[in-house]
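These notes are about the structure you will find just below.
What follows is calculated from the coordinates using simple rules that are stated; it is not laboratory data. Everything quoted here is computed from the prediction, not taken from an experiment. Cβ sites come from the backbone with ideal geometry, for glycine too, and all protein chains shown count toward neighbours.
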Ligand SMILES: Nc1ncnc2c1ncn2[C@@H]1O[C@H](COP(=O)(O)OP(=O)(O)O)[C@@H](O)[C@H]1O
Ligand SMILES: [Mg+2]
């Protein structure tokens, strides 16, 4: 298996600064790493350096891609004679909330999904919940008014800020019931070929349950503690585009090295 990372927009021989420490850790563990220009890729040019070896299995790590962009990446990797660890359908199985949420409905806040052109305020009125957590298929609104509202008439401001900060509504809207989570209890785990991994110690049973139900090869699982003590799944993400929240690059790389290079 070999890694593929975005290039730095400023220094074209180097990986993007955001991922430099991770790339160093992968090199130190003995992995090959190629880098590619995301700007060129978005204009149809895919020229990774060094070139992808023929028939190699490629794990991308980097910025999130839309469904269309990821599909294009899969095609570009295939045209280069290599093959991706994660195909497009598998990427979206973890990256788009409605796909994983429906498999974990008893472990995660109740969620309704709406098309991006719906009358969301009317839909919230129909739901008549005490509070609503609003996001698109991929991201919440962490700036300005935030994602959490109690009055349906406040949703227009959330949606306009989502469009302003994120550019588009990706996929559609997800409306989630608000649950009371304890501050600073959210932890990220990674599941690789059915095996849960924690940055340190063991992953809790709820992550093992996810690993049984979600069959993608590589994804992240965010677990948070509710005020009643229950652990809940707050988010699942594709492992290629998940930040290393709570993990050092070295801890992350060890998981992949043990799996792909059989290093102890
Ligand atoms: N249903 C919910 N009830 C209460 N808090 C929530 C809920 N969903 C998300 N949150 C809080 O908002 C944060 C961001 O939500 P998340 O779904 O992880 O979006 P993002 O993709 O932007 O990280 C979570 O880390 C959690 O603290
Ligand atoms: Mg999150």
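Per 5 Å bin from zero, what fraction in whole % of the C-alpha pairs of the range 111-177 is there, up to the bin with the longest pair? P(r) over the range 111-177, rounded to whole percents: 4, 20, 35, 28, 12, 2.
For the chain, the equivalent ellipsoid derived from the alpha-carbon gyration tensor has semi-axes of 33, 23, 16 Å in decreasing order.
Counting only DSSP beta bridges with both residues in the chain, the antiparallel share comes to about 80 percent. When you work out D = kT/(6 pi eta Rh) for the range 121-264 at 10 °C and 1.306 mPa s, using the Kirkwood radius from C-alpha pairs as Rh and the Stokes-Einstein form, the result is 94 µm²/s.
Taken over the Cα atoms of the range 2-85, the convex hull encloses 85 Å³ per residue. Protection proxy ranking for 250-261, 48-59, 213-224, using the average of other Cβ atoms within 10 Å per residue and placing the highest first: 213-224, 250-261, 48-59. Against the compact-protein benchmark of 2.2 N^0.38 Å, the Cα-based radius of gyration of the range 12-51 scales to 1.23.
Compared with the dominant Cα axis of the chain, that is its longest principal axis, helix 20-29 is turned about 50°. The Cα center of the range 111-128 and the Cα center of the range 156-216 differ in position by 21 Å.
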